[in-house]
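In what follows, a structure is listed as structure tokens, so that the remarks can point back to it.
The values are calculated or read from the model by the stated rules, or taken from the named source; none is laboratory data. None of the values given here were measured: they were computed from a predicted structure. Cβ placement follows ideal geometry from the backbone for every residue including glycine, while neighbour counts extend to all protein chains displayed.
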């Protein structure tokens, strides 16, 4: 019995659609990117996806609870579908099953290609942010490189944002993961890197031949950076106070 359940609200033909996908991951780059697209393109939800591998809780808002869910949205006039969710399944096996079943469903409905979005983590960023790409198809890889992406030379892409590309190859769909460059400081925190999301989105929008105002991401990035600055300042104050009161030197903290 499958642990992944897909429920369509209505029948939808996805022939020749491009699917853009992003799930919560490091620095929330994929999630931020696709949520922006859903809002900017006014995507209409057409399916909900549940998994036995989702976190074991219900999300509650105003007294009403629901299971963690992934959703598929469509932008019919542009032949774009957007896939995202609250979660990634908690085990490697269930992530593989989720990716296999969802990509299989998309293949049956005729999608032409899939682009996932994620983060590319470096120790520090020198110069302008880069967007990296890993693809299962040479033609698609070259198209993304022409739109500013840098081919990933080695390593791996973990979680659904990578596995969807792998299972797309099995199901015969060209796919790629576009990754916005971020740092370990973001990846190891709960902060979203909106600048990394913007960098990745520029490449994807170029591929789709779309023009969208991305200034909202700059505004949110500044808000996050200000929040991070205040947190750092508060930590420094606490360490100084701790040391002045006879605690260990700050080098121990």
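The table that follows gives values for the structure above.
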| item | result |
| --- | --- |
| Some residue of the stretch 18-31 being closer than 22 Å to residue 111 by Cα, surrounded by fewer than 21 Cβ atoms within 10 Å (Cβ to Cβ) and free of Cβ contacts under 8 Å to residues at least 24 places away in the same chain | no |
| Failed item in (1) surrounded by fewer than 17 Cβ atoms within 10 Å (Cβ to Cβ); (2) closer than 17 Å to residue 24 by Cα; (3) in contact with a helix residue (DSSP H, G or I) (Cβ under 6 Å, 6 or more places away or on another chain), with residue 158 passing the rest | (3) |
| Residues located in the stretch 73-105, provided they are closer than 15 Å to residue 24 by Cα and surrounded by 15 or more Cβ atoms within 10 Å (Cβ to Cβ) | 82, 83, 84, 85, 86, 87, 88, 89, 95, 98, 99 |
| Residue selected from the stretch 54-81 under the condition in contact (Cβ under 8 Å) with a residue 12 or more places away in the chain and either not assigned by TED's automatic domain parsing to the domain that holds residue 175 or not in a strand (DSSP E or B) (or both), by the criterion nearest to residue 175 (Cα to Cα) | 79 |
| So residue 133, is it assigned by TED's automatic domain parsing to the domain that holds residue 107, closer than 19 Å to residue 83 by Cα, crowded, with 19+ Cβ neighbours inside 10 Å and in contact with a strand residue (DSSP E or B) (Cβ under 9 Å, 6 or more places away or on another chain) | yes |
| Output for the stretch 162-206, where each listed residue is surrounded by fewer than 21 Cβ atoms within 10 Å (Cβ to Cβ) and in a helix (DSSP H, G or I) | 162, 166, 169, 170, 184, 185, 187, 202, 205, 206 |
| Every residue from the stretch 121-151 that is within 20 Å of the chain's Cα centre (by Cα) and on the phi > 0 side of the Ramachandran plot | 148 |
